[in-house]
Amino acid sequence: MTRKYDTSTYKKHKRPGGWGSLCPGQMSEQEAQSLLDSGVQVDDAIYNVEDEYCYRSFQHDESDGTEYWHGHPIPWTRLPTSAKKGLVSSGRLDHATYLKAIRKGWGKEFNE
């Protein structure tokens, strides 16, 4: 099964006119796909981190052997422990960065 980051039909977290936890405006669809591909799946979500952002993606459709996903930033405090451990194991995150993110409140603007 192929995973594809899809922004064409899911507008909630996109600018302009989006709502909820708006994604950083500078992120391209290719960068979003890379985060999806290198993320860690926990239950029905894929988590990843980039710079000061923590992301969660959900599958929103499936057709022709492709899973379509959309994602949005979340507060670092909402990163599940199992996702954190997986990201550390994969080299996407180090413990010092995680502690810094929690201490500095990274992503608090994305409280839902």
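The values are calculated or read from the model by the stated rules, or taken from the named source; none is laboratory data. Predicted, not measured: the structure shown is a model, and the values here were computed from it. So basically every Cβ, Gly included, is an ideal-geometry build from the backbone, and we count neighbours across all protein chains shown.
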Give the stretch 37-63 a look and list any residue that's polar (S, T, N, Q), surrounded by 14 or more Cβ atoms within 10 Å (Cβ to Cβ) and farther than 18 Å from Ser89 by Cα, or say none. Ser57, Gln59
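Among the listed residues Gly39, Gly86, Gly107, Gly71, which satisfies the condition of being touching a strand residue (DSSP E or B) at 6+ places or on another chain (Cβ under 6 Å) and farther than 25 Å from Met1 by Cα?
Details: Gly39 fails: farther than 25 Å from Met1 by Cα; Gly86 fails: farther than 25 Å from Met1 by Cα; Gly71 fails: farther than 25 Å from Met1 by Cα.
One residue alone meets the criteria, Gly107.
Given the criteria at pLDDT below 90 and either crowded, with 18+ Cβ neighbours inside 10 Å or in a strand (DSSP E or B) (or both), does Cys23 qualify?
On the way: at pLDDT below 90: yes; either crowded, with 18+ Cβ neighbours inside 10 Å or in a strand (DSSP E or B) (or both): yes.
Criteria met by Cys23.
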Quick check on my filter: what residues within the stretch 61-93 are over 18 Å from Met27 (Cβ atoms), within 14 Å of the chain's Cα centre (by Cα) and at pLDDT below 95? none
